[in-house]
Amino acid sequence: MTTVDLHRMTGAYAVHALSDEETAAFERHLPGCESCAEETAELSATAARLGLAATTAPPAALRAQVLRRITTVRQVPPGPPAQALSARPGPRTRALSRWALAACLAAATALGGTTVWQYQRAEDARGRAGQAARTTDEIAAVLSAPDARTRAAGLAGGATGTVVVSRGLDRAVFAVSGMARPPGGKVYQLWFDEQGTMRSAGLMDPGRSDQAVLMRGAVDGASGMGVTVEPAGGSTHPTSAPVALMSLPG
């Protein structure tokens, strides 16, 4: 295993993706390589923040499944013995039966509407969870890529920003810690800097001060990135002075 190979293991080591033999070799190399030690520390911190950013709450779908299955559960005990079925019901019994049937139909209609609503909510939640899982996988792929390179910088207000780039995957991840929330009705927007031309790279979650974001689109020819404050929904081009500017690692 060459020194070049060991330099490329920082991302995989940070997410515990090395074999025992590779881990042992990398840990012998780490104390004597300042750049690897710094990069590993940054990637480990990013991976930890990513773990917090990827949490999901399943109760909504579980509740909808339970409500849906309730409609298939028998709600009444078995009927009377066979000999009792031969007795002809009197007028009062027939009237009560009609009222009971009407009440059951009304209840079934209401429950059916509720169940459909809950089912739709569950499907929407499942779709969002699936998209979040795919995004998390893509972020993890960038962080653990053999050619992943990292650059960290201090931002305004004491926040810390870290950008991780995999040229092989042509993707980048931006992780931030301690970032102040944007003003009401505003959002932080990410940009790729291509020789002074800013290309939108997606929006950050305005409600979170710590997050990891897969930058939208390929890195391509970008040499830097920036963050601006934009109206909710984002802009086609920056409309404010950047709150962060960083060059991308080579």
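The values are calculated or read from the model by the stated rules, or taken from the named source; none is laboratory data. Source: prediction; values computed, not measured. Quick reminder, even Gly has a Cβ in these numbers, built from the backbone with ideal geometry, and neighbours come from all protein chains shown. Only protein heavy atoms, including side chains, enter the accessible area calculation; ligands, DNA and RNA are left aside. Shrake-Rupley method; radii C 1.70, N 1.55, O 1.52, S 1.80 Å.
Does A201 meet the test of being within 23 Å of the chain's Cα centre (by Cα) and modelled with pLDDT under 90? No; evaluated as a whole, the condition is false for this residue.
For the range 205-243, the tally of residues that are among the aliphatic types (A, V, I, L, M), open to solvent by 10 Å² or more (accessible area, probe 1.4 Å) and out of contact with any Ser or Thr (no Cβ under 6 Å at 6 or more places or on another chain) stands at 6. For beta carbons closer than 9 Å, sequence separation of 6+ or different chains, a first residue in the range 224-242 that is within 18 Å of G184 (Cα to Cα) and in the same structural domain as L190 (by TED's automatic domain parsing) and a second that is of a type in the set (S, T, N, Q) and open to solvent by 60 Å² or more (accessible area, probe 1.4 Å), the qualifying pairs are T228/T239; V229/T239; E230/T239; P231/T239.
If you go through the range 10-33 and keep only what is open to solvent by 50 Å² or more (accessible area, probe 1.4 Å) and modelled with pLDDT of 80 or more, you end up with S19, D20, E21, E22, E27, R28, P31, G32.
Is the range 194-202 home to any residue that is polar (S, T, N, Q), part of a strand (DSSP E or B) and loosely packed, with under 15 Cβ neighbours inside 10 Å?
yes
Counting only residues that are more than 22 Å from the chain's Cα centre (by Cα) and closer than 14 Å to V173 by Cβ, how many does the range 204-224 have? Total satisfying the criteria: 1.
Checking each residue in the range 147-176 for being of a type in the set (G, A, S), touching a helix residue (DSSP H, G or I) at 6+ places or on another chain (Cβ under 6 Å) and under 23 Å from G207 (Cβ atoms) picks out only A175. Scoring L190 on the criteria (1) surrounded by fewer than 18 Cβ atoms within 10 Å (Cβ to Cβ); (2) in contact with a strand residue (DSSP E or B) (Cβ under 6 Å, 6 or more places away or on another chain); (3) within 24 Å of E138 (Cβ to Cβ) leaves a single failure, condition (1). So which residues in the range 171-187 are open to solvent by 30 Å² or more (accessible area, probe 1.4 Å) and closer than 22 Å to A152 by Cβ, if there are any at all? Answer for the range 171-187, where residues must be open to solvent by 30 Å² or more (accessible area, probe 1.4 Å) and closer than 22 Å to A152 by Cβ: R171, S177, G178, A180, R181.
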